[in-house]
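Chemist: Got a structure here, written out as C-alpha cells. Questions coming.
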Amino acid sequence: GGQTREHAQLVRSLGVEQLIVAVNKMDVVNWSQERFQQVRGLLQPFLRGLGFKEGCLQWVPVSGSEGLNLWEDPDPAGPAQALACWWPTRGAGGKETDW
C-alpha cells in the first residue's frame, strides 16, 4: 500500500540499507503462502528500485494483532499451524535455519 511505500522511501532516504519486511495480517488469510508471495512479488521490485539489494531484504509473515511469528516461532499446533507447513523455523538454540 501507499503507507508501506512511503515508509520504505523514508528509511532509504535516511541511509538504511537493510530491511526486514513484516507482511502483517497473515492470520486473516489463514497464513496463505500464495498471498505472502503475492505481496512479496508486488513490493520487491519497488524496494529494489529504491536501491535495496535482494540480499539485504528479509521477508517475514506475521500477525501483529495476535503477536504470532514476531519474537518466537509459532506453535505448529496453534492458530498459525498453516504457517508451519511452509515457513522455516529456527533450529536448536534459536539459530536461524533457512531465513
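The values are calculated or read from the model by the stated rules, or taken from the named source; none is laboratory data. Remember, predicted model here, so these are calculated numbers, not experimental data. Don't worry about glycine lacking a Cβ; one is built from the backbone with ideal geometry, like all the others, and counts go over all protein chains shown. What goes into the accessible areas is simple: the full protein's heavy atoms, side chains included, and nothing from ligands, DNA or RNA. Shrake-Rupley method; radii C 1.70, N 1.55, O 1.52, S 1.80 Å.
Chemist: Which of the residues belonging to region 15-28 are open to solvent by less than 100 Å² (accessible area, probe 1.4 Å) and under 11 Å from residue 62 (Cα atoms)?
Modeler: Step one: of region 15-28, the residues open to solvent by less than 100 Å² (accessible area, probe 1.4 Å) are 15-16, 19, 21-24, 26-27.
Within region 15-28, 21, 22, 23, 24, 26, 27 meet the criteria.
Chemist: Please find, within region 47-87, the residue that is surrounded by the most Cβ atoms within 10 Å (Cβ to Cβ) out of those that are part of a loop (DSSP other than H, G, I, E, B) and among the small types (Gly, Ala, Ser). Steps first, please.
Modeler: Taking region 47-87 as the starting set, the residues that turn out to be part of a loop (DSSP other than H, G, I, E, B) are 50-53, 62, 64-67, 69-80, 85-87.
Now restrict to residues that are among the small types (Gly, Ala, Ser): 51, 64-65, 67, 77-78, 80.
On the way: 51: 9, 64: 13, 65: 10, 67: 11, 77: 8, 78: 11, 80: 22.
Applying the filter and picking the extreme gives 80.
Chemist: Next question, about the same structure. When the residues of region 29-46 are narrowed to those that are more than 21 Å from residue 72 (Cα to Cα) and touching a residue at least 24 places away in the same chain (Cβ under 8 Å), which ends up most open to solvent (accessible area, probe 1.4 Å)? Show your work before the answer.
Modeler: Taking region 29-46 and keeping what is more than 21 Å from residue 72 (Cα to Cα), we get 34-35, 37-46.
The next check asks that each one be touching a residue at least 24 places away in the same chain (Cβ under 8 Å); those that pass are 43, 46.
Values: 43: 19, 46: 51 Å².
Checked region 29-46; the qualifying residue most open to solvent (accessible area, probe 1.4 Å) is 46.
Chemist: Another question about this same structure. Filter region 1-10 for residues that are under 17 Å from the mean Cα position of the chain (by Cα) and under 15 Å from residue 48 (Cβ atoms); which is most open to solvent (accessible area, probe 1.4 Å)?
Modeler: Among residues in region 1-10 that are under 17 Å from the mean Cα position of the chain (by Cα) and under 15 Å from residue 48 (Cβ atoms), the one most open to solvent (accessible area, probe 1.4 Å) is 5.
Chemist: Now for a different question. Could you run through region 1-28 and say how many residues are outside any helix (DSSP H, G or I) and in contact (Cβ under 8 Å) with a residue 12 or more places away in the chain? Give the derivation first.
Modeler: Start the filter on region 1-28 by keeping residues that are outside any helix (DSSP H, G or I), which leaves 1, 14-25.
Keeping just the survivors that are in contact (Cβ under 8 Å) with a residue 12 or more places away in the chain gives 17-25.
The number of residues fulfilling the criteria is 9.
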